[in-house]
């Protein structure tokens, strides 16, 4: 198998052994729809392999390396492609690499902890001891300066974070996930990751009642007035999601997922899944130019939710009306009615989109991509991890060709018309 086999559609996945930067340079431009990855964090672990990223002598060198790698990622992405980048932080001294590196699996994979006297590579951060390095934002701003569009900072909230022995600061329970784009306009399927709501069959009166009853939790009476206007701040639903769902929020609660074959908690599948679903088309892409197919949407209206609220007496009724007066005269439920190509190539059945992970590790991104019908490309420096990723993917995905994918996919053939292709 090779990268070319995946790109031409004869194979579903491939993990290339080698340095991410060098392998990316061999790939053609514009061949990937999205990239979801979690590179080695700075000054965290020594994986015991030459050429590894994360052991640079200064934060500036690490950032420069990240900029170089992701400049190549930008080249291999389509112009409407996206990058989903997960990064954690570390400290100038005293806390880097303390967790998990003593385990038997760590020794098997050549992972060496980097704290205290055992530290084999003490970085020269130029900062005071105990200073937070701020590496995720350093990298994000450097990528922005290099030409990427920094579109969103997503908080990965960990309900069960790694225990820490520190007593002079809060226990870290989050990491960052950055959404970056190559161009101002890019493919983003927000409907694929829309947060679920109540039944779309709920009546307008029930909807209004929900607004009225759940909004009270967001208010406090101060001198006969409400302390804040929950409607204007967007909190008027009191945590209740309206019918049809709502746009994905920027705080994702995802529990860390230990993988028994790996030596530490890996990139969680639940974290990478929304990235792949939003960054690639579920219906595939054009086999000629790679342009993703887009949803054909219809919005169904459910009457006037404000009916009966205009003339209500009392503070709650007034605030309900004030919060809804600029809204449409009802609520809508988005419905996908079909798919259509976004290019002008001759009509042809779509093929699966390509997902890239230049730091594949144990193959989490690739496994999730394949599970959702995408093609998957990975690059990994450590041969032990390449074998692990192959084992992991092979356990859940059959290694078959993709030649019959378009025949088995839910293609709506009435969309394949001369008018659509023109």
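A simple spin-label model places pseudo-atoms 7 Å from Cα toward Cβ; at residue 132 and residue 79 they are separated by 4.0 nm. Subtracting the Cα-Cα distance of residue 166 and residue 348 from 0.36 nm times their residue separation leaves 59.6 nm of extension gain.
Ranked by the mean number of other Cβ atoms within 10 Å of their residues, highest first, the peptides 350-359, 145-154 come out as 350-359, 145-154. Put simply, when 44-51, 158-165, 385-392 are sorted by average Cβ atoms within 10 angstrom per residue, most first, you get 385-392, 44-51, 158-165.
Modelled spin-label separation between residue 337 and residue 57, with each label point placed 7 Å from Cα along the Cα-to-Cβ direction: 6.4 nm. Using a cutoff of 8 angstrom between alpha carbon atoms and counting only pairs six or more residues apart, the relative contact order for segment 1-63 works out to 19 percent.
Here, each number is a calculation from the coordinates, and none is a lab measurement. Quick caveat, the model's predicted, so the values are computed rather than measured. As a convention, Cβ positions derive from the backbone with ideal geometry for all residues, glycine included, and neighbour counts pool all protein chains shown.
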